[in-house]
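Here the structure comes first, spelled out in structure tokens, and everything after it is commentary.
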Amino acid sequence: MSLLTSALLCLASIAGLGDNAAFSNYITETGNRYVIMDSLPFEWITPTSFTDASAEGEVKKDEAKKEDEVKKDEPKKDESKKEDEVKKDEPKKDESKKEDEVKKDEPKKEEVKKDEPKKEEVKKDEPKKEEVKKDEPKKDEPKKEEVKKDEAKKEEPKPKYETVEVKASKLSIVEEFSACIIPDEVTPVLLNVTEWQNPFRVISVRPHGSKVSKGDKLIELDTEAYDNALADLRRSVKGLEITFQKAETAIETARKTNELDLLQVKQTIDRSKENWKHFWDVEWPNKLATVELNAQLTKTRLDAQREEFNQLKKMFEADDLVEHEEEFLLKRQKLELEVAEFNYKIAVEKYNRAKAVELPDLEQDNKQKYERALSTWEAALKVAPLVIKEAELEFEGQKVTFERAKAKLAKMEKQRSQLECRAPADGIFLYGSFENNKYVGYDLMRSTLKPEGSVPLKKTLGVVVSGTSEASISIPEKFWSSLDNGFKGWFTLNAYPNDELMVSLKSFTDFPIAEGEYQGTVKINGDIPSFIKLLPGMKGKVKLILKEKSKAIMIPTSALGREGYTTERFVYVLKGDKAVKRVVKTGCTVEKTIEITDGLESGEKIVKDWKKVEED
């Protein structure tokens, strides 16, 4: 190893690197040239908290000067070193060796004499050697100063923690997002025929990418079955309208009929009530009196016949009458008496029956008639509203059926215009659709939109697009909170990789469109070069400037600690030989560094790993 190499390793050891064998690999010797590598592993660099930045700069400058001087003086140094080594070694040679060498060199004296001219040349070069020797002290002077500085550094205490110096520097965060050109206006072409289930057969269709004007026919469909169903529905609606009108009339009829029925029942109950009163007030007393009078009359007649019979009998006994007259009168009177007795007997039986059976039956009959009329009235009062309600429900049912059929007819007639499939606006007709600002569905529609193809219902068949001044970008969730409308950037299309278009963020969703993905829209600003043709669906990359600061303090994330289960963050600031905890406020994170918005100032030194302090 050469003296210069040894000197460099000595300097490295003073700086704390000399003990690392890997460092020596960064100093290589090639012939007489020494090369110091530009970079060293990060973990071998002296901690910035205990290194003088100005001293480091001077050391680097001196090392560069040394390299230049070494390259210039390498030949001179070698010659002077050789002479010094020869002079130092001559006194140390053994005298015996000298004698032996003299003896051996005697045959070579002649050769020495021949080389005398060369010695004279060497003598001529001696003044140059002296000049070199004069220059050597000057070269060694900077080295002595560096050694003194290194010795001073050795005397400084070794750092307890690895630290970093807080510096304010320019911060510019630019992120790249996948982008796709989207049209300014997208008008879908679809068959939203809700009252029809069968697909339509395609007769003809315009080619994909055709330029169209508003009202141009895009797709011709076979609508015969739909038109027939529409005609049948028109007839059905007319019939339902008549049924509905009849149901409406039935309500009025039921109301009037119900009123009449209630009136009739009320009249019946009133009559029954009057009959019941008449029975107790008139019929019952008269009937009973008639039976009693009839019985009394019969008894009176019986008594008269008996008295007359007795008188005749007395007369017969007194012989007031002749014999043949007596016998005739007596027989006749006896017969009349028997008839009177029989009539009396019947009258008594009628009286008893009338009192015991006929009058109670008549009472029960009148009572039942009254109760039946009363029950009919009560039932009529309950049933009458139900009859009306039933008529009203029938009316409502017919009304709903009619209204539904009428609404269906209106929808089918309105949706019939969709089957014309005409261009809703000026633009370019594309198969498929734009979903979440992404062009999709072309492959499916290409196999469907062809003659004899079957068009699905309630699906977007195509779109008419116009304008291309915006692009859609996919935003990963980790960048969502950093976005704000108006962020500037530039757009590079895959079709034009060497050209950039200036853009600004117009909007972005506050809900995900897929797992971990949000969507944004950027507006293309400024003039677009004439050779760039923008088409919907073109893909590329958008770079947005998420944050830009002229002076931002960034520190390693390892230096930032958290206070328990809180949001409070802190760092350890070096004050002399002590690490003092300080609460700070944070901003954005960039890879393994984080922005400090409040709590630190440029020039301060902080502990690189806060956990080391906590462990102590």
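Assorted remarks:
- Test: residue in region 451-463 that is on the phi > 0 side of the Ramachandran plot, open to solvent by 40 Å² or more (accessible area, probe 1.4 Å) and of a type in the set (D, E, K, R): yes
- A single entry from Ile473, Ile388, Ile428 fulfils the requirement of being surrounded by 14 or more Cβ atoms within 10 Å (Cβ to Cβ) and more than 35 Å from the chain's Cα centre (by Cα): Ile388.
Every residue, every condition in (1) within 60 Å of the chain's Cα centre (by Cα); (2) open to solvent by less than 100 Å² (accessible area, probe 1.4 Å); (3) within 30 Å of Ala289 (Cβ to Cβ), yes or no:
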{"position": "Lys334", "(1), (2), (3)": "no, no, no"}
{"position": "Glu341", "(1), (2), (3)": "no, yes, yes"}
{"position": "Ile346", "(1), (2), (3)": "no, yes, yes"}
{"position": "Glu358", "(1), (2), (3)": "no, yes, yes"}
{"position": "Glu363", "(1), (2), (3)": "no, yes, yes"}
{"position": "Ala380", "(1), (2), (3)": "no, yes, no"}
{"position": "Val383", "(1), (2), (3)": "yes, yes, no"}
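- Within region 170-186, residues that are touching a residue at least 12 places away in the same chain (Cβ under 8 Å) reach partners that are outside any strand (DSSP E or B) and among the aliphatic types (A, V, I, L, M) with beta carbons closer than 6 Å, at six or more positions or on different chains, in the pairs Ile181/Leu534; Ile181/Met538.
Per-residue answers, yes or no, for (1) within 60 Å of the chain's Cα centre (by Cα); (2) among the acidic types (Asp, Glu); (3) farther than 29 Å from Leu393 by Cα:
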| site | (1), (2), (3) |
| --- | --- |
| Glu220 | yes, yes, yes |
| Thr223 | yes, no, yes |
| Ala229 | yes, no, yes |
| Val237 | yes, no, no |
| Ile242 | yes, no, no |
| Glu248 | yes, yes, no |
| Thr257 | no, no, no |
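- Pair list, Cβ under 6 Å, 6 or more apart: region 579-601 residue over 14 Å from Glu563 (Cα atoms) and small (Gly, Ala, Ser), other residue open to solvent by less than 60 Å² (accessible area, probe 1.4 Å) and assigned to a strand (DSSP E or B): Ala579/Tyr572; Ala579/Val607; Gly587/Glu595; Gly599/Val584
- For region 551-561, the condition of being of a type in the set (Lys, Arg), without any contact (Cβ under 8 Å) to a residue 12 or more places away in the chain and open to solvent by 60 Å² or more (accessible area, probe 1.4 Å) holds for none of the residues.
- Residue count for region 390-414, restricted to those that are touching a residue at least 24 places away in the same chain (Cβ under 8 Å) and basic (Lys, Arg): 4
- A residue that is open to solvent by 20 Å² or more (accessible area, probe 1.4 Å) and within 51 Å of the chain's Cα centre (by Cα) cannot be found anywhere in region 261-279.
- The residues listed here are Tyr518, Tyr496; of these, the one that is touching a residue at least 12 places away in the same chain (Cβ under 8 Å) and touching a Pro at 6+ places or on another chain (Cβ under 7 Å) is Tyr518.
- Residue ID - surrounded by the fewest Cβ atoms within 10 Å (Cβ to Cβ), chosen from residues in region 562-592 that are modelled with pLDDT under 90 and hydroxyl-bearing (Ser, Thr, Tyr): Tyr565
- Test: residue in region 518-530 that is within 22 Å of Val590 (Cβ to Cβ) and either more than 22 Å from the chain's Cα centre (by Cα) or exposed (fewer than 12 other Cβ atoms within 10 Å of the Cβ) (or both): no
- Residue within region 209-226 that is among the charged types (D, E, K, R) and free of Cβ contacts under 8 Å to residues at least 24 places away in the same chain present: yes
- Only one of the numbered conditions (1) hydrophobic (A, V, I, L, M, F, W, C); (2) open to solvent by less than 50 Å² (accessible area, probe 1.4 Å); (3) out of contact with any Pro (no Cβ under 8 Å at 6 or more places or on another chain) is not met by Val186, and that is (2).
- Annotation: Leu546 fulfils all but one of (1) in contact with a helix residue (DSSP H, G or I) (Cβ under 9 Å, 6 or more places away or on another chain); (2) modelled with pLDDT of 90 or more; (3) of a type outside the set (Asp, Glu); (4) within 30 Å of Ala495 (Cα to Cα); the unmet one is (2).
- Pick from region 239-252, criterion in contact with a helix residue (DSSP H, G or I) (Cβ under 7 Å, 6 or more places away or on another chain) and among the aliphatic types (A, V, I, L, M), ranking: surrounded by the most Cβ atoms within 10 Å (Cβ to Cβ): Ala247
- Unique residue being small (Gly, Ala, Ser), open to solvent by less than 60 Å² (accessible area, probe 1.4 Å) and touching a Pro at 6+ places or on another chain (Cβ under 9 Å) when the list is Ser210, Ser236, Ser204: Ser204
- Applying the set (1) modelled with pLDDT under 90; (2) in a strand (DSSP E or B) to Asn198 leaves exactly one unmet item: (2).
- Tabulated pairs, region 461-481, first in contact (Cβ under 8 Å) with a residue 40 or more places away in the chain, second of a type in the set (D, E, K, R) and open to solvent by 10 Å² or more (accessible area, probe 1.4 Å), C-beta under 6 angstrom, 6+ apart or interchain: Ser466/Glu185; Gly467/Asp184; Gly467/Glu185; Ser469/Asp184; Glu470/Lys523; Ser474/Glu517; Phe479/Glu175
- Any strands (runs of 3 or more DSSP E) falling wholly within region 552-616 and containing at least 2 residues that are of a type in the set (S, T, N, Q): 578-590, 593-598
- Residue list for region 258-292, filter: under 30 Å from Leu386 (Cα atoms), touching a residue at least 12 places away in the same chain (Cβ under 8 Å) and polar (S, T, N, Q): Asn258, Thr268, Ser272
- Qualifying residues in region 484-509 (those that are surrounded by fewer than 18 Cβ atoms within 10 Å (Cβ to Cβ) and assigned to a loop (DSSP other than H, G, I, E, B)) - the one nearest to the chain's Cα centre (by Cα): Thr509
The values are calculated or read from the model by the stated rules, or taken from the named source; none is laboratory data. All figures in this text were calculated on a predicted structure; none of them were measured in a lab. Cβ coordinates were reconstructed from backbone atoms using ideal geometry, including for glycine residues, and neighbour counts include every protein chain displayed. All accessible areas refer to the heavy atoms of the entire protein, side chains included, with ligands and DNA or RNA removed. Shrake-Rupley method; radii C 1.70, N 1.55, O 1.52, S 1.80 Å.
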